[in-house]
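Working notes, structure below.
No value in this document is a laboratory result; all are computed from the given coordinates. Predicted model only: the values in this text are computed from it and were never measured. Positions of Cβ are generated from backbone atoms using ideal geometry, with glycine treated the same way; all protein chains shown enter the neighbour counts.
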Amino acid sequence: MKKPLYISAMLAMAALTTIVLLKFVILGKTGEVGDDGRTPVILTEHERDYVLAEMRGLIEGLVAMNEAALDNDTQAFGSAAKSLGMHANPSAETTSVMGKLPVGFKVMGVGLHKDFDKIAALAKSGATITELQRALTDNMYKCVACHASYKIEAE
Ligand code: HEC
């Protein structure tokens, strides 16, 4: 039996909506992969500055964790890790940037912050400095992997 035209039109619209949604959710706002193999994520200048400032905050947290390790201070190590964990109230910038990030970027970014929360919990549960450093080093492979995969371009 032939489908009425409006049903075919509705199906076509639904398919189109799904494709558009998938494109934005999976690819985010990205450009062509460069010669260096990295995918550019296209952000506004303000959003790029925001992300880069967050990145510099990560380095500060790593320095604090290293200092804590040198002092054999597991509690200070845990609080430095906690400061890089998931924040209860994401800022307006986080929300607008999240909409433009490709899914791989989001998975690594969210995974990174969640694992800093896990490191903070490990510190509370009595882990040694060596155990905390092991968990931190494992987490830092996400820095390496994401930097090898993505760069930021301002629109
Ligand atoms: C989910 C992806 C992702 C993860 C995870 C990630 N970064 Fe980045 N980071 C980026 C991108 C993209 C840039 C911009 C690179 C470019 O445009 O060349 C960047 C830039 C930086 C910069 C440069 C900041 C500036 O002012 O120019 C630093 C420092 C940095 N990251 C540190 C880290 C550290 C440390 C970690 C891990 C603890 C980390 N990042 C994890 C994606 C990531």
Subject >> Flag for PHE116 being among the aromatic types (Phe, Trp, Tyr), in contact with a Leu (Cβ under 8 Å, 6 or more places away or on another chain), more than 10 Å from the ligand (Cβ to nearest atom) and touching a residue at least 40 places away in the same chain (Cβ under 8 Å) >> reply: no
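Might you let me know whether the stretch 77-85 holds any residue that is at negative phi, part of a helix (DSSP H, G or I), within 11 Å of the ligand (Cβ to nearest atom) and surrounded by 15 or more Cβ atoms within 10 Å (Cβ to Cβ)?
Taking every residue of the stretch 77-85 in turn, at least one turns out to be at negative phi, part of a helix (DSSP H, G or I), within 11 Å of the ligand (Cβ to nearest atom) and surrounded by 15 or more Cβ atoms within 10 Å (Cβ to Cβ).
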**OP:** Could you grab the pairs with beta carbons closer than 9 Å, sequence gap of 6+ or different chains, first residue in the stretch 17-41 and within 13 Å of TYR150 (Cβ to Cβ), second one in a helix (DSSP H, G or I) and basic (Lys, Arg)?
**Re:** GLY28/LYS106; VAL41/ARG48
Original post:
Does any residue in the stretch 123-145 that is touching a residue at least 24 places away in the same chain (Cβ under 8 Å) and within 16 Å of the ligand (Cβ to nearest atom) come within less than 9 Å, Cβ to Cβ, of a residue that is of a type in the set (Lys, Arg) and in a helix (DSSP H, G or I) six or more places away or on a different chain, and which pairs are these?
Top reply: ASN139/LYS118
Original post:
With respect to GLY37, is the statement that it is farther than 27 Å from ALA92 by Cα and either under 18 Å from the mean Cα position of the chain (by Cα) or in a loop (DSSP other than H, G, I, E, B) (or both) true?
Top reply: yes
Subject >> Residue pairs meeting the criteria (Cβ under 7 Å; at least 6 apart or on separate chains; first of a type in the set (Val, Ile, Thr), in the stretch 45-74; second near the ligand (Cβ under 7 Å from one of its atoms)) >> reply: VAL51/ILE152
